[in-house]
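Trainee: This is the structure I have questions about; it appears just below.
Values in this text are rule-based calculations from the coordinates and carry no lab data. What you see is a predicted model; the values in this text were computed from it and never measured. Counting neighbours? That spans all protein chains shown, and the Cβs are built from the backbone with ideal geometry, glycine included.
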Amino acid sequence: MSSAFKIVLLAILIFLGKAEQAHAQKGPSTKYKCMIQMTNYAGEGAYIVISLIDPKGAYEKTLYVMGPDKKWYKSLKEWDKFRTKKPANISAITGASITGGDRSVNTIEIENSKVNSGYKIRFESAVEDKEYHTKDVEIPLTTEGLSSKSDGSGFIRYVRFSAN
């Protein structure tokens, strides 16, 4: 066996070991269906961002974005500050905005280690030429929080989760 082949094989094994280690550190996760029911407001579609908030109240991760046009992300002021400081590719977790009275069901993935550990899920909402709601809905990331209906305070009437 040539030494070049051995080096390539060793590099592949090291890479696979690091990839497995990174996956093990992340831990298992669960996919949840997240149903959002909007209030009956008049106007443009709402942009909504769903974020994972750590126990200290800081943004940790963007879970889903409803609204595909990046030029409107600045209207979600608090999340946009996080997004610009810690840029991430969110194209895989971005969907259409949602209008008044409509409902939307999307799938979000949550690491199991975050449940019952002091985390929250925050729903921010903004509509063009209307107000912005930093905490339209904020749900404790607990077994109970994921199994009950949570009422909104702005454009969102309520949110409900169910395990996939």
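Trainee: If a residue has to be out of contact with any Asp or Glu (no Cβ under 6 Å at 6 or more places or on another chain) and either in a loop (DSSP other than H, G, I, E, B) or of a type in the set (Asp, Glu) (or both) to count, how many in the range 26-78 make the cut?
Mentor: From the range 26-78, those out of contact with any Asp or Glu (no Cβ under 6 Å at 6 or more places or on another chain) are 26, 28, 30, 32-37, 39-43, 45-48, 50-51, 53, 55-59, 61-72, 75, 77-78; that's our starting set.
If we keep only those that are either in a loop (DSSP other than H, G, I, E, B) or of a type in the set (Asp, Glu) (or both) as well, we get 28, 39-43, 45, 55-58, 67-69, 78.
Qualifying residue count, the range 26-78: 15.
Trainee: Being touching a residue at least 12 places away in the same chain (Cβ under 8 Å), among the acidic types (Asp, Glu) and over 17 Å from LEU63 (Cβ atoms) is the filter here; which residues of the range 119-164 pass it?
Mentor: Residues satisfying the conditions are GLU128, ASP129, GLU131, ASP151.
Trainee: Say we look at the range 116-131 and pick out the residues that are surrounded by 16 or more Cβ atoms within 10 Å (Cβ to Cβ) and small (Gly, Ala, Ser); which of these is farthest from SER153 (Cα to Cα)?
Mentor: We begin by selecting, within the range 116-131, every residue surrounded by 16 or more Cβ atoms within 10 Å (Cβ to Cβ); these are 119-127, 130.
Then keep just the ones that are small (Gly, Ala, Ser); that gives 125-126.
Details: SER125: 10, ALA126: 12 Å.
Across the range 116-131, the extreme among qualifying residues is ALA126.
Trainee: Of the conditions (1) surrounded by 13 or more Cβ atoms within 10 Å (Cβ to Cβ); (2) in a helix (DSSP H, G or I), THR134 fails just one. Which one is it?
Mentor: (2)
Trainee: Against the conditions (1) touching a residue at least 40 places away in the same chain (Cβ under 8 Å); (2) part of a loop (DSSP other than H, G, I, E, B); (3) at negative phi, where does GLY101 fall short? Just the number, please.
Mentor: Failed condition: (3).
Trainee: Of SER125, SER153, which residue is among the small types (Gly, Ala, Ser), within 25 Å of TRP72 (Cβ to Cβ) and part of a strand (DSSP E or B)?
Mentor: Numbers: SER153 fails: part of a strand (DSSP E or B).
Answer to the selection: SER125.
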